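Trainee: Shown below is the structure under consideration.
Just so you know, all these numbers are worked out from the coordinates, no wet-lab data involved. Values in this document were obtained by computation on a predicted structure and should not be read as measured data. So basically every Cβ, Gly included, is an ideal-geometry build from the backbone, and we count neighbours across all protein chains shown.
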Amino acid sequence: MLHALFCDKLTLEEPIIAVVDAEGLSVASLEKGMQLMMEESAQRDKMMEKQFIAYELMKKRDAAFNPEHPERFLDISLIPDIREEDGDEDYEVRVVDLRYEEMEEEPPEPWASSLPELCDWNKFTHESSFDDSEFYRKDFEDDPVYSLLKPFVHNLFKCLKQDYLRQDKESKKEEHQMRSPLEHYLILLALKAQVRISSCEVWVESVGHEAPRKGVYLFAMECLGRIAEAIERFSPEHHYHLATEAGNIKKQIEKIF
């Protein structure tokens with residue numbers, strides 16, 4: 001169930017993967033998904049630009065408001081340009097250390113030792129001092145599956161980067177070319193698997209058992225399977241070793257269960 005949840009979330013987050021799931025893995029579906037991804041990105045940029053313009057407009061309107069002539073507040077043509085106040089450099093910038101320093105425990109006062117109740121209290125508070133060792137959250141990089149994925153992902157990115165730089169150098173176009181839909185597909189799958197593992201400890205602590213971690217491991221196996229399939233079908237031959245490596249890591253994850 002958790003495995004299906006992670007896969008559904010991946011499909012909702014990434015248009016290129018959603019199209020591949022719906023239409024099957026092909027050059028056409030990768031290109032279609034890439035186009036949808038670019039269109040969604042452009043729409044987000046436009047929304048951010050509108051929000052910025054609205055913010056700047058409201059800031060100018062607030063600054064132009066005059067209680068004696070409130071009707072001018074709605075006259076956009078009268079809104080002046082707002083300039084930042086001069087003299088900001090006169091303010092002193094200081095670094096504030098917000099870390100708590102360890103305080104040495106003060107010895108009890110002599111009179112406190114003479115009272116049995118206070119003596120027992122001091123002993124109790126000393127023995128039950130807060131110890132956060134049981135709340136220590138282990139580093140996600142110590143996770144065995146993450147340890148398997150990390151060198152593979154680095155190797156994958158290195159190979160893709162070398163190919164991109166070579167193709168860009170051979171290209172006669174003045175502008176740098178975009179990465180191919182296949183490269184985006186592979187990168188998303190590799191990064192998503194790592195991200196899920198890095199955050200699954202929170203899920204485990206929340207529900208109190210290991211089911212989320214197992215779901216994430218299954219998700220990582222599926223990502224590796226998709227990566228291997230895409231490389232074998234569409235990548236050049238000098239990348240085939242990555243498909244073999246992805247398959248081997250998938251088998252090693254199976255043994256971890």
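Trainee: Work out from phi, with θ = phi - 60° and the Karplus expression 6.51 cos²θ - 1.76 cosθ + 1.60, the ³J(HN,Hα) of each residue of the range 181-190, listed in order in whole Hz, and give x for Gly and Pro.
Mentor: Values per residue, Gly and Pro as x: x, 4, 4, 4, 4, 5, 5, 4, 4, 5 Hz.
Trainee: What's the ranking of 194-201, 149-156 by average number of surrounding C-beta atoms within 10 Å, highest first? Could you put the intermediate results ahead of the total?
Mentor: Numbers: 194-201: 18.2, 149-156: 16.4.
Going from most to least packed, we get 194-201, 149-156.
Trainee: At what distance in nm do the modelled label points of Leu191 and Asn155 sit from each other, each positioned 7 Å from its Cα along Cα→Cβ?
Mentor: If labels sit at Leu191 and Asn155, their model points lie 2.2 nm apart.
Trainee: Let me ask something else about it. Which of the peptides 15-28, 202-215 is most tightly packed, and how do the rest follow, going by the mean number of other Cβ atoms within 10 Å of each residue? Display every interim value, and only then the final one.
Mentor: Details: 15-28: 16.6, 202-215: 13.7.
Sorting 15-28, 202-215 by mean packing, highest first, produces 15-28, 202-215.
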